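Reading through the structure tokens given below for one structure.
The values are calculated or read from the model by the stated rules, or taken from the named source; none is laboratory data. Worth saying up front: this structure is predicted, and the values here are computed from it rather than measured. Cβ sites come from the backbone with ideal geometry, for glycine too, and all protein chains shown count toward neighbours. With ligands, DNA and RNA removed, areas are computed over all heavy atoms of the protein, side chains included. Shrake-Rupley method; radii C 1.70, N 1.55, O 1.52, S 1.80 Å.
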Amino acid sequence: MQINEAELQKFILEAGLVSRADLSAAQKKAEAEKQKLGSMLLSEGKISETDLKRMEAFALGIPFVNLSDQKIDLAVLSLIPEPIARNYNIIAYQKKGDNLEVAMLDVEDMAVIEFIKKRSGFKILPRLTDTASIRAALVKYRESLQAEFGDIIQKESATLAPEAKDEGEKSAAELKEMADDLPVVKIVDSLIFHAILQNASDIHIEPGEKELTVRYRIDGLLHDAMVLDKKAAAGITARVKVLSNLKLDEKRLPQDGRFKIEQNGEKVSFRVSTLPTFFGEKTVIRILKETGSGFSLETLGFHGEALERIHESLRQKTGIVLATGPTGSGKTTTLYTMLDILNKPEVNISTVEDPIEYQMPRVNQTQVKPEIGLTFANGLRSLLRQDPDILMVGEIRDGETAGLAINAALTGHLVLSTIHTNSAAGAIPRLIDMGVEPFLIVSTVKTIIAQRLVRRLTATKTKYFLSAAEIKNLSRISDLERMLGMLKKEKLIGAKDTWEKVPFYKAVPNDESGDGYSNRIGIHEVMRVTPTIREMILKGVSQDDIEMEAKKEDMMTMLEDGVFQAVLGTTTLEEVFRVVSE
């Protein structure tokens, strides 16, 4: 099923959607760049996607469908699993006898049509649609499953028998029996599946005086998922403990564990932490999808001078590259992305991590196990005897690990690691506080990356310009003249533009996302340890002075990078201020 370009051109002209001159120019450009006419018209803003798809459908002689307001039966929608629907932009929306009507962005993708045909057993009738329709239908997956799992959880928690005796008096055998009870198993499975579906990074199961609250952390913010009866608490906690191989009858001390599942062909790891509280044990489950592919430094938010600095540091054969930031700021993802760039057949890469968050081919990954003496320091010490070229240390937590990382860099290795500080310059006093001598820092540390994660705006957003009062407020926390120069250098604004003409964007709630945000992107500062900064470190100058010098050497701070992303329309100023001020 292929579109006849001549017919498409004729229909577009007859509909009056594009002028003859614009169409002719777009056609010449499309031929020169070996692109389709429709794609060229769309990229140049000459036609809307909806109008283009309608014309393509007309040229193909098939219907165009709008799914935005269409009610789709869950049984029909589920004939194509959500991950496949999202990856291939295909939605099953109507079934008549042995015929299954599917809405697609690309009806020429015969491979996916054949795959759905074999999977479902139905005759596939492709229909054209637009991106807005696909997004609306993908939301229906979430709404339908949310309702389904919410009902399952509430129903199953209601069937749990009232606790015969106090939770603290139950034996390990009684708790094991409770954990294996079918309603409890269904509740925990549903909570986990629901969290993965919503791209949650953590599940918080919090006991209160009369109820059990479940919250999901999505895009860095906690959201209430559901409230259950308090009597469900003991069984749910026991079930999670069984999955993560923790002691069932130990409720006085915190415990840590982990487990794995496979869902829709994707491996997912879970890191579990239990903590005694006044009303019972609180459980937090960190969700880690075991795939390190699909990332690039650009998609993580790096750009311009910062991106060049990282690539330059990765070309070094020795030295240390540090990623800094608080827990959950994406440091490990940045390290894995750099490892992916370095991962070539001619080098030996070894890591010591806690936990192993992504599995990478041809990388020797070691999991820390402090309970048997395999700490970061001991693991790193052993790795140095494994003839590595590149080492990744999950986190520098103490002086011993820092010293070993320094020694590894001094003896001809490239070392990647993370450290907990608030800024790039803050990593220097942190290392000194751990007992590392300044002369060793300047000999080994090449580049320090500091980062935070901000929520991304969805496609539906509104443009606005700062008022005089807002510009004045912004000037209190940032050098506006310097920032304006950076925006001009990156060609985001015109050479003569002032702050009154710089566009910003606000979130607009929509069907795809309740608050107008979806997923996250990094904002960064990348500091090179230049000869000037080395001298300052040896002299023992303050962190603020080091940062000031780095800015003179064209380092864009996290706040400035956040403003840059806000001007791009990737996020909002409010989101940047929320994250950077934390």
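Say we look at region 75-94 and pick out the residues that are closer than 14 Å to ASP109 by Cα and not aliphatic (A, V, I, L, M); which of these is surrounded by the fewest Cβ atoms within 10 Å (Cβ to Cβ)? It comes out as ASN87.
Would it be correct to say that GLY325 is in contact (Cβ under 8 Å) with a residue 60 or more places away in the chain and either more than 23 Å from ILE428 (Cβ to Cβ) or of a type in the set (S, T, N, Q) (or both)? It is false that GLY325 is in contact (Cβ under 8 Å) with a residue 60 or more places away in the chain and either more than 23 Å from ILE428 (Cβ to Cβ) or of a type in the set (S, T, N, Q) (or both). Return the residues of region 169-204 that are open to solvent by less than 10 Å² (accessible area, probe 1.4 Å) and either more than 30 Å from the chain's Cα centre (by Cα) or farther than 20 Å from LYS289 by Cβ (or both); say none if nothing qualifies. Within region 169-204, LEU175, ALA179, VAL184, ILE187 qualify.
Does VAL240 satisfy being free of Cβ contacts under 8 Å to residues at least 60 places away in the same chain, in a strand (DSSP E or B), among the β-branched types (Val, Ile, Thr) and in contact with a strand residue (DSSP E or B) (Cβ under 8 Å, 6 or more places away or on another chain)? In short, no. Of the helices (runs of 4 or more DSSP H) lying entirely inside region 3-50, those containing at least 2 residues that are out of contact with any His (no Cβ under 9 Å at 6 or more places or on another chain), open to solvent by 50 Å² or more (accessible area, probe 1.4 Å) and more than 17 Å from ASP130 (Cα to Cα) span 5-15, 20-32. Considering the conditions (1) among the acidic types (Asp, Glu); (2) modelled with pLDDT of 80 or more; (3) farther than 21 Å from PHE278 by Cα, ASP256 is excluded by exactly one of them, (3). Exactly one residue out of ALA402, ALA450 is buried (at least 17 other Cβ atoms within 10 Å of the Cβ), within 24 Å of GLU357 (Cβ to Cβ) and in contact (Cβ under 8 Å) with a residue 40 or more places away in the chain: that is ALA450.
In this structure, does GLY522 turn out to be in contact with a strand residue (DSSP E or B) (Cβ under 9 Å, 6 or more places away or on another chain) and not assigned by the TED database to the domain that holds ASN199? It is true that GLY522 is in contact with a strand residue (DSSP E or B) (Cβ under 9 Å, 6 or more places away or on another chain) and not assigned by the TED database to the domain that holds ASN199. Quick check: is even one residue across region 439-458 farther than 30 Å from LEU380 by Cβ, in contact with a Leu (Cβ under 8 Å, 6 or more places away or on another chain) and not in a strand (DSSP E or B)? Looking through region 439-458, none of the residues is farther than 30 Å from LEU380 by Cβ, in contact with a Leu (Cβ under 8 Å, 6 or more places away or on another chain) and not in a strand (DSSP E or B).
Condition check for LEU484 on (1) modelled with pLDDT under 90; (2) surrounded by 14 or more Cβ atoms within 10 Å (Cβ to Cβ); (3) not in a strand (DSSP E or B): one failure, at (1).
Filter region 343-363 down to the residues that are open to solvent by 80 Å² or more (accessible area, probe 1.4 Å) and over 16 Å from LYS260 (Cβ atoms) and list them by number. Within region 343-363, LYS344, PRO345, GLU346, PRO361, ARG362 qualify. Taken together, LYS317, LYS282 contain a single residue that is in contact (Cβ under 8 Å) with a residue 40 or more places away in the chain and touching an Asp or Glu at 6+ places or on another chain (Cβ under 7 Å), which is LYS282.
Considering only residues that are touching a residue at least 12 places away in the same chain (Cβ under 8 Å), open to solvent by 10 Å² or more (accessible area, probe 1.4 Å) and either among the hydrophobic types (A, V, I, L, M, F, W, C) or on the phi > 0 side of the Ramachandran plot (or both), which ones fall in region 411-433? Selection gives GLY412 alone.
Check whether at least one residue in region 157-164 is farther than 23 Å from PRO81 by Cα, at pLDDT below 80, in contact with a strand residue (DSSP E or B) (Cβ under 6 Å, 6 or more places away or on another chain) and open to solvent by less than 60 Å² (accessible area, probe 1.4 Å), and report yes or no. The answer is yes; a qualifying residue exists.
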